[in-house]
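Following: one structure in structure tokens, then a few remarks.
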Amino acid sequence: MQSFPHHYQARATGGVTGPVDVRGPAPAAIETWPPPEFDGQFGEWSPESLLVAAVADCFVLTFRAVARAAHLEWDRLDVDVAGTLERIDGVTRFTRMVVAPHLTIIHAGDAQRVQSLLEKAERGCLVSNSLTAEVVLQPHPVTIATAAAA
């Protein structure tokens with residue numbers, strides 16, 4: 001890992017109406033729209049959905065590092081994140097992110113230590129750590145991979 005500080009850049013380009021193109025250093029753009037709650041397109045990426053997705057993505061990547069350090073053998077991690085946007089004192093902001101990981105592990109004997117590793121990943125996620133919203137971890141029961149799936 002490089003020493004801190006790290007710097008990240010993005011550019012968003014849009015007109016009076018229509019989609020906004022969001023680009024980072026890579027050439028592929030992500031097209032965004034306002035969410036349906038703000039009279040936008042259903043099923044399209046919005047700044048709100050991208051933020052919620054960033055929390056989910058960061059959790060998976062942080063868990064990878066935590067699991068590697070703990071020598072946990074696992075198969076799959078699905079993370080659902082539900083963000084709550086509210087208007088409080090005239091300010092619209094995310095107030096809560098519920099992070100619901102569903103982990104599939106290889107060995108049943110590892111199930112005892114999974115909760116602490118998920119909690120460690122939640123505490124280490126730099127995206128959720130950067131938010132003022134409350135972050136709540138609500139893991140699903142752990143699944144044990146079958147021989148055919150492993």
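The values are calculated or read from the model by the stated rules, or taken from the named source; none is laboratory data. Because the structure is predicted, anything quoted here is derived from the model rather than measured. Reconstructed Cβ throughout: ideal geometry from the backbone, glycine too, with neighbour counts over all protein chains shown. To get the accessible areas, we keep the full protein, side chains included, count just its heavy atoms, and leave off ligands, DNA and RNA. Shrake-Rupley method; radii C 1.70, N 1.55, O 1.52, S 1.80 Å.
At-a-glance table
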item	result
Criterion: touching a Cys at 6+ places or on another chain (Cβ under 6 Å) and within 30 Å of PRO47 (Cα to Cα) - qualifying residue of PHE94, PHE59	PHE59
Residue tally, condition in contact with a Lys or Arg (Cβ under 6 Å, 6 or more places away or on another chain) and over 15 Å from GLY124 (Cα atoms), over region 50-104	2
Single condition VAL99 does not satisfy, out of (1) touching a residue at least 60 places away in the same chain (Cβ under 8 Å); (2) closer than 30 Å to THR146 by Cα	(1)
Some residue of region 56-76 being open to solvent by less than 100 Å² (accessible area, probe 1.4 Å), part of a strand (DSSP E or B) and modelled with pLDDT under 95	yes
Residue, most open to solvent (accessible area, probe 1.4 Å), within region 109-131, restricted to residues that are at pLDDT 95 or above and in contact with a strand residue (DSSP E or B) (Cβ under 7 Å, 6 or more places away or on another chain)	GLU119
Members of region 84-106 that are under 17 Å from ALA69 (Cβ atoms) and either among the polar types (S, T, N, Q) or not in a strand (DSSP E or B) (or both)	ILE106
Looking only at region 84-95, and only at residues there that are of a type outside the set (Ser, Thr, Tyr) and surrounded by 14 or more Cβ atoms within 10 Å (Cβ to Cβ), the one that is nearest to LEU117 (Cα to Cα)	PHE94
In region 51-74, the residues that are under 9 Å from the mean Cα position of the chain (by Cα), small (Gly, Ala, Ser) and more than 16 Å from PRO139 (Cα to Cα)	ALA53, ALA54
Qualifying residues in region 14-41 (those that are open to solvent by 100 Å² or more (accessible area, probe 1.4 Å) and of a type in the set (Asp, Glu)) - the one nearest to THR92 (Cα to Cα)	GLU37
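Results for (1) acidic (Asp, Glu); (2) surrounded by 14 or more Cβ atoms within 10 Å (Cβ to Cβ); (3) assigned to a strand (DSSP E or B); (4) modelled with pLDDT under 85, shown as yes or no for each residue.
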{"site": "PRO5", "(1), (2), (3), (4)": "no, no, no, no"}
{"site": "ALA12", "(1), (2), (3), (4)": "no, no, yes, yes"}
{"site": "GLY43", "(1), (2), (3), (4)": "no, no, no, no"}
{"site": "GLU48", "(1), (2), (3), (4)": "yes, yes, no, no"}
